[in-house]
Amino acid sequence: MNPTALFLFQHLILREENMKRILTGERTTGKLHIGHYFGSLASRISLQEEYDTCIILSDMQVLYDHLEDEKSKMLRKHVYEVLLDNLSVGLDHRKVTFFIQSEIPELAELTMLFMFLVSVARAKRNPTIKDEMQQTGTDYDKMNLGFLSFPVSQAADILLTKAHMVPIGEDQIPHVEQTREIARRFNSQFGDVFPEPKYLISKFSRLPGLDGKKKMSKSLNNAIYLSDNEEDVENKIKKAYSGEGHALSIYGELFGVTLNDRMEIFKPQLADAINDFLEPIRKRRKELEEDQEYLRRILDKGKERIREIGAHTMQEVREAMKMIY
């Protein structure tokens, strides 16, 4: 190895050793929208310079409420869609570790062990579970165990990597609090293994939808996607709700367009500003999506790294629990 390459290699190792780690990611249910950008992706771009950033593509957690619909049949496609959106907005795979949840068997093992630390009553008290029940119209008698325990699975995602911080939307606070509880209980019962992660809340953790509802959402069909073309954006803004309590003023603030009471003027200006913002993202996405092998190499590199981290964590867990035979 020549001196320059050796210096860069040593600098990279030193950088990773000195950086604290974050864990963030998405359930892979399809393409991401501008709500995701301002809610999480924008902060990831800056955080990747300061933190050892790990981004999980949570394919298994799609199944707790989509096992019997089309999304369960499109997991592979959606994993790549989410990866493309992350890369297209400016996340650098040389600084960020991307990995697929189902490709890390240590996550399943740790989830199983954590389930023994959480009572059914505690799982039911998680307010996000109740919110999801309302949105999906289910109840405890019809709920699968994966649905009830997905906050435990998320705790395993975070703690396997020993993340110090988790960037989240405000609605995800209960999940991180439960993760902290699980870490405390494990450490108290078996010895110090896990850090208690902190959370970082985005300023725009919930961007309102085009229809005036409180949240932009794929399932509500009220979103502008990062991959939408110019015509799609123009049509969506043209049809967007502009009555009392509309969200267009917030969009104007985000994209630098002053709200005008004359919607026939304001809406085209807003659409133009959004398209100007999305154009380099669309261009980068088109370049990337044509090289599936390149995307797979990024995921393979991430899998290898997280499995190495996970193996080390699980060794500590087994030793603490006296499960070394």
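Exposure proxy ranking for M112, M19, M216, based on other Cβ atoms within 10 angstrom of each Cβ and starting from the fewest, stands as M112, M19, M216.
Please list, ordered by chain and number, the residues whose modelled amide H lies under 5 Å from the amide H of K198; skip anything fewer than 5 residues away on the same chain. For K198, the qualifying residues are M165, V166. Rounded to the nearest 20 debye, the dipole size of the chain about its Cα centre is 540 debye, using +1 on the Cβ of Lys and Arg and -1 on the Cβ of Asp and Glu. Springs join every pair of Cα atoms under 10 Å in this Gaussian network model of the chain, and among D69, D276, D192 the largest mean-square fluctuation is at D69. Across all Cα pairs in the chain, the calculated P(r) in 20 Å bins from zero up to the longest distance comes to 29, 56, 15, 0 percent per bin.
Each of I173, L295, A273 was scored by the projection of its Cα onto the charge dipole of the chain, and the greatest displacement toward the positive side belongs to I173; charges sit on the C-beta of Lys, Arg, Asp and Glu.
Across every direction, the projection of the convex hull enclosing the Cα atoms of segment 107-147 has a mean area of 3.2 nm². Beta bridges from DSSP with both residues in the chain: antiparallel share about 5 percent, rounded to the nearest 5.
Our Cα-only numbers for segment 99-220 put the radius of gyration and Dmax at 15.5, 50 Å.
Result for the chain in a Gaussian network model with C-alpha springs under 10 Å: among L148, L299, L83, the largest mean-square fluctuation is at L148.
Of the trypsin sites (Lys or Arg not before Pro) found in segment 251-325, the ones in coil according to DSSP and having at most 16 other Cβ atoms within 10 Å of their Cβ are R262, K322.
Within the listed set T138, T111, T28, the Gaussian network model of the chain (springs between alpha-carbon atoms below 10 Å) gives the highest mean-square fluctuation for T138. Entry note, the chain: the mean residue ellipticity at 222 nm calculated from DSSP H runs of n ≥ 4, each adding -39500 (n - 2.57), is -17500 deg cm²/dmol after division by the residues and rounding to the nearest 500. Each residue of segment 32-41 was assigned a 3J(HN,Hα) from its phi angle through the Karplus expression (A = 6.51, B = -1.76, C = 1.60, θ = phi - 60°), giving 8, 10, 5, x, 5, 4, 6, x, 8, 4 Hz with x at Gly and Pro. Summary value for the chain: 22 percent relative contact order, contacts being C-alpha pairs under 8 angstrom separated by 6+ residues. What helices does the chain have that are whole DSSP H segments, at least 18 Å long along their own axis by Cα, and with mean Kyte-Doolittle hydropathy of -1.0 or more? Passing helices, by number: 3-18, 75-88, 145-160, 173-190, 263-289.
All of the numbers you see were taken from the coordinates with simple rules; none came from a lab. Small disclaimer: the values here were computed from a predicted structure and weren't measured. Counting neighbours? That spans all protein chains shown, and the Cβs are built from the backbone with ideal geometry, glycine included.
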